[in-house]
Amino acid sequence: MNNPSAFPYFGHTGWSQGNGMTLRDYFAAKAMQGAISGCSSRGEVILYSDLAGLSYEMADAMMKAREQ
């Protein structure tokens, strides 16, 4: 799975990937944000330990979809 930097930048030597957040981490964070928002708007309770694993499962699915 190709997991590039989420925020590459163009520097004086060209494109740099840096050492920051990966694209997989970014996808997982967005998935978690959406799930928390959805649950709170419906008054549901979710265990954050469960949510973290599910968020990375969603991120992995998004990374796989990018390869197709």
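Residues are listed down the side, and each one gets a yes or a no for (1) within 13 Å of the chain's Cα centre (by Cα); (2) small (Gly, Ala, Ser); (3) open to solvent by 70 Å² or more (accessible area, probe 1.4 Å):
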{"residue": "Asn2", "(1), (2), (3)": "no, no, yes"}
{"residue": "Ser5", "(1), (2), (3)": "yes, yes, no"}
{"residue": "Phe10", "(1), (2), (3)": "no, no, yes"}
{"residue": "Ser41", "(1), (2), (3)": "no, yes, yes"}
{"residue": "Val45", "(1), (2), (3)": "no, no, yes"}
{"residue": "Tyr48", "(1), (2), (3)": "no, no, yes"}
{"residue": "Ser55", "(1), (2), (3)": "yes, yes, no"}
{"residue": "Asp60", "(1), (2), (3)": "yes, no, no"}
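List the number of the failed condition for Leu23; all other conditions in (1) surrounded by fewer than 13 Cβ atoms within 10 Å (Cβ to Cβ); (2) of a type in the set (A, V, I, L, M); (3) modelled with pLDDT of 80 or more hold.
The one condition Leu23 does not meet is (1).
Failed condition for Ala65, given (1) touching a residue at least 40 places away in the same chain (Cβ under 8 Å); (2) loosely packed, with under 12 Cβ neighbours inside 10 Å, with all others met?
Going through the list (1) touching a residue at least 40 places away in the same chain (Cβ under 8 Å); (2) loosely packed, with under 12 Cβ neighbours inside 10 Å, Ala65 breaks only (1).
So which residues in segment 24-45 are among the hydrophobic types (A, V, I, L, M, F, W, C) and assigned to a helix (DSSP H, G or I)?
Across segment 24-45, the qualifying residues are Phe27, Ala28, Ala29, Ala31, Met32, Ala35, Ile36, Cys39.
The values are calculated or read from the model by the stated rules, or taken from the named source; none is laboratory data. As the structure is a prediction and not an experimental result, all values here were calculated from the model. Note: ideal-geometry Cβ built from the backbone for every residue, glycine included; neighbour counts use all protein chains shown. The area values use the complete protein model at the heavy-atom level, side chains included, leaving out ligands, DNA and RNA. Shrake-Rupley method; radii C 1.70, N 1.55, O 1.52, S 1.80 Å.
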